[in-house]
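Below you'll find the structure, written out as C-alpha cells, and then a few comments.
The values are calculated or read from the model by the stated rules, or taken from the named source; none is laboratory data. Nothing here was measured: the structure is a model prediction, and the numbers come from that model. In this analysis, Cβ positions are derived from the backbone assuming ideal geometry, glycine residues included, and neighbour counts consider all displayed protein chains.
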Amino acid sequence: MKVYRSYEDLPKIRLPLGQEVFISDSTIRDGSQMPGIVMKKKHKIQIYEYLHKIGIEKLETFVYNERDREAVREMLDRGYEFPEVTGWARANPKDIDFVLGMDGIKETGILMSVSDSHVIDKMGLTGRDEAERKYTDALQYAVDHGLRTRAHIEDMTRADNEGFVFPLVEKLLEIDPDCTIRLCDTLGYGLPFPDVDEPYGIPYIVRRLKNTGARNIETHIHDDFGMSIACSIAGYWYGANWSSLTFLGVGERAGNAELEKVAVFLIQRVEGFQKYNLQSVTEFAGFMEKEIGIRVPRNKSVVGKNIFAHESGIHTAGIIKNPFTYEPYPPELVGGKRQLLIGDSSGLEVIRFKVEETLNELMNIAIKVDKSDLRIKAIQAEIQKLYNQEKRVSSISDEELKKYVEKYFMLQPIIDEHSADEINQLENDKGENNPG
C-alpha cells in the first residue's frame, strides 16, 4: 500500500531520455523589451547576482549601446562561472561585431526569422532563399570569428518547418555542429501534446530537430495562450536540453515561460535534480516589484504573497497538523514564509493556534489552549460579527489579534454565563460555514 503523507513519500518523475538539462535566462534581454519597463545598469547587475545565487547556467544580453556594455563589463569583472554572459545579434555581420567587441563574451545568439510573415512582410526579403543565405552567412561569420552560436529560429510554430526550416537547420549544423538550435514559439502557438504535428507540436519539432543531428536544442516559449510552462517542460521531455526563460515571465505582450516555475518543477518533481538554489527567488520577486515596477499577483505561483497563506478553517486546520496537507513544497525551498490568517472563513483551530502564538510571545512561556475554550469562541464570535455586519473586508492582523488576546486572556480571563450564551447564539447563527 502506498502512503503519501510527506514530500519524501511522493515519487519523482524521470525525464524519458535522461539528458542533463539547463536554463538560459533572458530577463535582461527579452524581459527588458516589456512595454513600460526600463532596466538601469544597477538593475541588470542585481538580476545577474540573483541568477548567480540560483545557479542559472547562462544569460543573454544586448550589447548595442554603451549602458548595456557597461553592465556587461561589470558582470564579467565579477568572475563568476555562472551565469555565463552571452550576446544577441540580428543576422548580419555588423551586429555580430558588437558582440565580438565585448572581450569576455564567447557565445552569441543570432536571430533567424522563419515564418513567411516575418521573412517577407517584416524583413522585406524576396523570399526563403534570400533568408537562408542571410542566416547561413551570419552564422558562418560568427563561427569564423571564434564565437559559439545559438540559432534563434523565430516564429517556428507558424512556419513551414518541413519545407523550409528543417533543411535550413541542417545547413546551419554543417557550419557549426554544436550550434544550439533555439525553437522560438514567438506567439505562443505551440502545444505540448505528442500527437500534434508541425507547425504547432513542440514534441514533434524537438524530435525532428534531434533527427537533423542537433546536439543542443533550446525552447523559447511565449505565453500568449498560457501554454509556455507546459511547452517548456514538454521540450525537456522529448529531448531538448535547454530552456530559455525569464524571471516572473517578463517580456513582450503576455511574456515568456517563467524561470522560477520551471526551476521549482525540476527541483521538486524530477528525480536527481538538485542543482539550483531557489532560496532567494521570493526576495528576487520583491526586488523586481519594488525596483523595476513589475506587479507580482498575490496568487502567482512560487513567489506570490498568498502561496503559503492560509485562512479557511479546513485549510488552516490541515496546515497546523501537517503542512504537507495543503502546501506543494516547503516555503523555505523558495525563501517564502508560511502565514496563517484569520478572516471570514476561519475556524476555531487557526484562532486557537494564533492565540497560543500570541500568548507565548506576550508571556514568554509555552501555553496550550484548547479550541473549545470559551475565550477562543468569544474571539471568533467578535471577529465573525465584523464580517457578518460587513464592517470588515480584510484579514485580522496580528496586532489586532493581540488586543483580543489581552482582552479575553489577561483583562477578562473568565467568560461569564451571560457571555457564554451570547457566544453560543452567535455559533448557532453562524452554522457550519466555518469548520475547523
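Inspection of region 323-341 finds no residue satisfying the criterion of being over 24 Å from the mean Cα position of the chain (by Cα), surrounded by fewer than 16 Cβ atoms within 10 Å (Cβ to Cβ) and in a helix (DSSP H, G or I).
Across region 53-67, a minimum of one residue is classified as free of Cβ contacts under 8 Å to residues at least 24 places away in the same chain and either in the same structural domain as Arg182 (by TED's automatic domain parsing) or not acidic (Asp, Glu) (or both).
Candidates are the residues of region 242-286 that are aromatic (Phe, Trp, Tyr) and part of a loop (DSSP other than H, G, I, E, B); the one that is modelled with the lowest pLDDT is Phe273.
Scanning region 147-166 for residues that are β-branched (Val, Ile, Thr) and in a strand (DSSP E or B) yields a count of 2.
Residues that are of a type in the set (Phe, Trp, Tyr) and within 18 Å of Ile233 (Cα to Cα) within region 251-291 comprise Phe265, Phe273, Tyr276, listed in sequence order. If you go through region 121-135 and keep only what is under 19 Å from Phe166 (Cα atoms) and either part of a helix (DSSP H, G or I) or touching a residue at least 24 places away in the same chain (Cβ under 8 Å) (or both), you end up with Arg128, Asp129, Glu130, Ala131, Glu132, Arg133, Lys134, Tyr135.
When the residues of region 362-393 are filtered to those that are in a helix (DSSP H, G or I), modelled with pLDDT of 75 or more and among the charged types (D, E, K, R), the one that is farthest from Ile320 (Cα to Cα) is Lys385.
Scanning region 336-378 for residues that are touching a residue at least 60 places away in the same chain (Cβ under 8 Å), touching an Asp or Glu at 6+ places or on another chain (Cβ under 8 Å) and small (Gly, Ala, Ser) gives Ser345, Ser346. In summary, helices (runs of 4 or more DSSP H) completely within region 35-101 and bearing 1 or more residues that are under 20 Å from Tyr135 (Cα atoms) occur at 93-100.
For region 12-34, filtering for residues that are of a type outside the set (A, V, I, L, M), in contact with a Leu (Cβ under 9 Å, 6 or more places away or on another chain) and assigned to a loop (DSSP other than H, G, I, E, B) leaves 3.
Annotation: Gly235 fulfils all but one of (1) of a type outside the set (Lys, Arg); (2) in contact with a strand residue (DSSP E or B) (Cβ under 6 Å, 6 or more places away or on another chain); (3) surrounded by fewer than 24 Cβ atoms within 10 Å (Cβ to Cβ); the unmet one is (3). Filtered by the rule that a residue be of a type in the set (A, V, I, L, M) and without any contact (Cβ under 8 Å) to a residue 40 or more places away in the chain, region 209-224 gives Ile217, Ile221.
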